[in-house]
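These notes are about the structure you will find just below.
The values are calculated or read from the model by the stated rules, or taken from the named source; none is laboratory data. What you see is a predicted model, and the numbers here were worked out from it, not measured in a lab. Cβ sites come from the backbone with ideal geometry, for glycine too, and all protein chains shown count toward neighbours. Areas reflect the complete protein model, heavy atoms only, side chains present, ligands, DNA and RNA absent. Shrake-Rupley method; radii C 1.70, N 1.55, O 1.52, S 1.80 Å.
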Amino acid sequence: MTRSFVAPTSIEDALAVLTSGARPVAGGTDLVVGARQGKAPLPNALLAIHRIDALHGIVEIGGGIRLGALTTHAEIEAHSTIRDRFAALADASAIVGSHATRAQGTIGGNVMNASPAMDTGGPLLCLDATVTLRSEAGERVVSLDDLWTGPGTTTAAPEELLVAVDFPAPSPHSGSCYVRLEYRRQMEIAIVGVSAAVAFDGDSVSGARVAITALAPTIRRVPDAERALAGSDGGIEAIEEAARAAAAGSSPISDVRGSAEYRLAMAGVIARRASGGALARAKGERVPIPARSTLYGVPARERV
């Protein structure tokens with residue numbers, strides 16, 4: 001069987017190769033590992049995009065951020081504006097895989113892999129991110145809700161290449177947080193994850209977004225949890241109600257990492273932590289990055 005490997009230096013050349021059925025690969029942290037583990041064979045034609053300079057870089061635009069598809073998790077974690085204003089994404093990028101994974105793995109590959117357990121997906125949803133897909137026919141901007149259709153599946157056409165991830169400027173007096181349940185500190189996949197983003201107007205929460213990870217076929221927002229926080233004072237009663245709603249909005253599976261029952265029980269716990277962390281950050285309190293092991297807005301009797 002003939003295999004091909006092409007590594008162009010321009011987006012235009014890459015798009016031309018895509019029309020022949022090649023599979024794009026960036027950091028290769030999912031594709032190569034999966035092939036080695038026997039989950040799926042390597043494609044017959046690989047399109048390596050790591051040499052395309054136009055896909056690299058973090059650009060601040062009008063208070064928002066544009067991430068080139070080849071931006072690594074390590075670069076996201078270290079970026080001062082992301083840590084300060086889009087902290088949930090820094091939380092997530094700081095705990096993807098291992099140090100080696102974060103140095104090679106890219107945001108574009110993470111998004112297009114469409115895993116319901118990906119760490120960066122929930123923060124991107126809560127930060128209202130969109131992706132730009134480009135083909136020889138043109139380009140289109142797609143919301144993540146419209147991109148992900150199931151585990152490992154997207155609405156992107158085979159000839160489309162993700163070139164950028166954009167998210168707008170956050171509201172004033174806002175904060176975000178991502179927390180996951182994990183058994184170890186490196187090379188871990190989320191068993192349960194929750195992202196939250198909130199904004200204050202005076203003493204009340206003017207807007208909230210809550211998204212669940214590894215608790216449904218796709219990463220998705222939980223409107224009932226958002227309504228529990230919006231309009232509240234951000235106190236423990238609102239956090240508790242949001243936590244219950246996050247658990248109620250979950251539909252987890254049982255697998256080798258945890259039973260559905262365990263995930264449901266932990267969904268509320270992790271939602272409390274994420275909501276509390278986002279609220280604390282919105283109030284100007286310092287919450288370390290990553291926030292996974294820190295409890296905020298949770299009574300001591302409920303700590304696990």
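Observations
- Residue match in segment 137-160 (condition: free of Cβ contacts under 8 Å to residues at least 12 places away in the same chain and open to solvent by less than 40 Å² (accessible area, probe 1.4 Å)): yes
- Scanning segment 251-279 for residues that are under 20 Å from Y178 (Cα atoms) and among the β-branched types (V, I, T) turns up V269, I270.
- Listed conditions (1) in contact (Cβ under 8 Å) with a residue 24 or more places away in the chain; (2) out of contact with any helix residue (DSSP H, G or I) (no Cβ under 8 Å at 6 or more places or on another chain); (3) open to solvent by 10 Å² or more (accessible area, probe 1.4 Å); (4) more than 30 Å from E285 (Cα to Cα) are all met by G62, apart from (4).
- Residue list for segment 117-136, restricted to those being open to solvent by 30 Å² or more (accessible area, probe 1.4 Å) and under 24 Å from A197 (Cα atoms): D128, T130
- The residue pairs whose first member lies in segment 231-257 and is more than 10 Å from G276 (Cα to Cα), whose second member is in a loop (DSSP other than H, G, I, E, B) and acidic (D, E), and whose beta carbons are closer than 8 Å, counting only pairs six or more residues apart or on different chains, are D233/D203.
- Enumeration of residues in segment 95-111 that are hydrophobic (A, V, I, L, M, F, W, C), open to solvent by 10 Å² or more (accessible area, probe 1.4 Å) and either under 19 Å from I289 (Cβ atoms) or under 11 Å from the mean Cα position of the chain (by Cα) (or both): V96, A103
- Enumeration of residues in segment 35-59 that are part of a loop (DSSP other than H, G, I, E, B), open to solvent by 70 Å² or more (accessible area, probe 1.4 Å) and either in contact with a Pro (Cβ under 6 Å, 6 or more places away or on another chain) or within 24 Å of T81 (Cβ to Cβ) (or both): H56
- Enumeration of residues in segment 11-27 that are of a type in the set (G, A, S) and out of contact with any helix residue (DSSP H, G or I) (no Cβ under 7 Å at 6 or more places or on another chain): A14, A16, S20, G21, A22
- Residue check, A69 over 21 Å from W148 (Cβ atoms) and buried (at least 24 other Cβ atoms within 10 Å of the Cβ): no
- Any chance L89 is among the aliphatic types (A, V, I, L, M), within 30 Å of G277 (Cα to Cα) and touching a residue at least 60 places away in the same chain (Cβ under 8 Å): yes
- Total residues in segment 149-175, condition in contact with a Leu (Cβ under 9 Å, 6 or more places away or on another chain) and not β-branched (V, I, T): 13
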